[in-house]
Structure formats: C-alpha cells, structure tokens
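The block underneath contains the structure these notes are about, expressed in structure tokens.
Derivation of every value follows stated rules applied to the coordinates shown; laboratory data play no part. None of the values given here were measured: they were computed from a predicted structure. We place every Cβ from the backbone using ideal geometry, glycine too, and count neighbours over all the protein chains shown.
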C-alpha cells in the first residue's frame, strides 16, 4: 500500500534538499530546491500569466533538460533575480555546464515567481531588489528537513481571499519508487470548499496532514468564484497576480517525454486542490525533477510504472497545496 515517506516531504526523494529565505520586513521570500547533482527535469505551464526563467531549456524538444537547482520566489518579476543569486553561489564550486575548461561553470537554474507585491511589506528597494541575496541565503539553508507553512516563497502568498502557503508531501509507491511534491499556493481560486473549512483536496489527505476536516451535508458548488467581487477590489483579477507553483521529484529514470507527461499529469493535482484553477490570471507551473536512481520496467510495464508515478504526482501536488494553506491559515508550521 502506498504511504508517505518518513518526513512526508519532497526530501524523502533521496539526494534532494530544500532551503528557504523568509524576510518579514519585505513580507516575501525564496525557496530553493537543490539536488545533489544535475537532475533531469521538465516543466508544464498551464496558467495564463506565468513568470518564469529557463523553462524553455526543459522542454523535451530542446537539448538541456537538466536542472542544478530550482527556485520558487515571491516578488513577481523582481523575484526572478533569486535565480541569479543561486547561479552566482553555485558556479564557483564547479556546479553547472562547462563547455570549455577555462570558462566558469554555468548552472541551469529554472525559476518561477508569484505576485506578492501588494501585501504591505517594504517593497521600496529602488534599483536593487533583495531577491538576489535571498536566493543565496535560501541556497545556503538547503537541508533534508525544512519548514512548511507561511515561509520562503509562501510567506506572502494568498489563496482566494485567505492565506496561501508552502506545503510538501511524499508517497512511497513500493518497488523502491518515491514521489514527492512541494507546492506554493497563491491562486485566484480557493483551496477551501464553500463551508470555508473543508479542503477541496480532502479525499486525498493522509494521516490528518491538513486537519482531517470532512464536508458536512450538501455542498453547493454552482458559483465557481464566489469571492469574485472581493478579489476584484484587491486587484487580484489581473494576469500574473496569482499562481500555484509546484515541484514534483521522483527517484526514477525518465525520458524527456516521460518527464513532460508526469508534469502534465501533476497539474491535475492543482485542479483537485484549487477551484477554479489554470485561470488567465494565474501562472500555474509544475516542474519535475528525476534523479534517475531507479530504472522502470520494460515494455508495457514501463508504461504502467509511468502511469503510477504521474497519478501519485497529481495526488501529492493536491495534498501539498492543501497542507501549505492549512499550515499558513492556522498559523502553524512543520519541519
């Protein structure tokens, strides 16, 4: 029977660490996912207003297809500078591509950002945003154990009209396969059902990881965005003002097309956990990291294994979103 790993976090996938920089003055932050080597990677973007870096390099028709780190950041377009900080910190250690021996190593650091510029923090940074330094600090903090809730890239996040947050979970599938997800929830849609207490992702919850709440009685879901007027008043009904960002990690060896398929399937987790999802206002983006540690089966068994990984990825993304919102909403954190 599939079950969460010992940490119930994406770092249950061996060889992966996560670090945060959380700045309470700016009310924003950065989260860095750091594999122990260049892992094969992919991405799938389904929101209408993404803010991203180096995503084209991960497409299966292109030649790079690896990541030395992945950055998730607040700060909207300014947050993309966090990846510059990670690149600058990794390169002197020889981490990255080196096409000629006498040139600097060039780390591939894909990134995605969320909008948190209107949350009351001090954003008066002039022509020097703090995100480059935030990226370095988050990288330096990378560990197998990390905090979840209103931390890192999830500090300034909102989910609908309530707090968003950062959450992570894992699932051991048997046969040595491990899937994990980390999600930062800042969507225009809500992670909560109309009762304001039950998470849309409740059927996928394991072990009360986001409150063990269950719907009571009839649920009226006819209105897809019941908080539309309040969201409009807060200026969130604009392209790029909202997003859900996720990273899925797996210890399998996957081809470029297989990694892309897992990323595509993982987006179903956003649709399960947030209603509505993938709107023109959102920048919903899912990265996939594959360590290549374990080979899949051959022939039809390989397709079956891929299906299991993709289905688990979707469930893990849904659980991670709900867990992050739950922890931020309750003012809790877990490590």
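Compute the normalised compactness of segment 115-171: alpha-carbon radius of gyration over 2.2 N^0.38 Å, N being the residue count.
Details: Rg = 13.5 Å, N = 57, 2.2 N^0.38 = 10.2 Å.
Cα-based Rg divided by the globular estimate yields 1.32.
Rg and Dmax of segment 107-226, both derived from C-alpha coordinates alone, stand at 17.7, 54 Å.
At 20 °C and 1.002 mPa s, what whole-number value in µm²/s does Stokes-Einstein give for the translational diffusion of segment 54-146, with Rh from the Kirkwood sum over Cα pairs? Mind dumping the intermediate values first?
On the way: Rh = 14.4 Å.
D = 149 µm²/s.
The GNM of the chain, with springs linking C-alpha atoms under 10 angstrom apart, assigns the highest mean-square fluctuation among 249, 273, 307 to 307.
Per the Debye calculation on segment 8-92 with a single equal scatterer at every Cα and no solvent contribution, log₁₀ I(q)/I(0) for q = 0.26 Å⁻¹ amounts to -1.44.
Say we join alpha carbon atoms closer than 10 Å with springs in a Gaussian network model of the chain; which of 47, 15, 120 then has the biggest fluctuation? Between 47, 15, 120, it is 120 that shows the largest mean-square fluctuation.
Hey, what D do you get for the chain in µm²/s if you plug the Kirkwood alpha-carbon radius into Stokes-Einstein at 37 °C and 0.692 mPa s? Don't skip to the end; give the middle numbers.
Working: Rh = 19.4 Å.
The diffusion coefficient I find is 169 µm²/s.
Using DSSP, restrict attention to beta bridges with both residues in the chain and report what percent are antiparallel, rounded to the nearest 5.
Working: 48 of 59 bridges.
Expressed as a percentage, antiparallel bridges in the chain total about 80.
Estimated from helices alone, the mean residue ellipticity of the chain at 222 nm is -7000 deg cm²/dmol (sum of -39500 (n - 2.57) over DSSP H runs with n ≥ 4, per residue). FRET efficiency for the residue 37 to residue 119 pair, using the beta carbon distance and R₀ = 41 Å, is estimated at 0.70.
Projected over every direction and averaged, the convex hull enclosing the alpha-carbon atoms of segment 270-315 yields 4.3 nm². Separation of segment 270-295 and segment 301-335, taken as the distance between their Cα centroids, equals 10 angstrom.
The gain in end-to-end length when the residue 1 to residue 63 segment is fully stretched comes to 18.6 nm, 0.36 nm per residue minus the alpha carbon separation.
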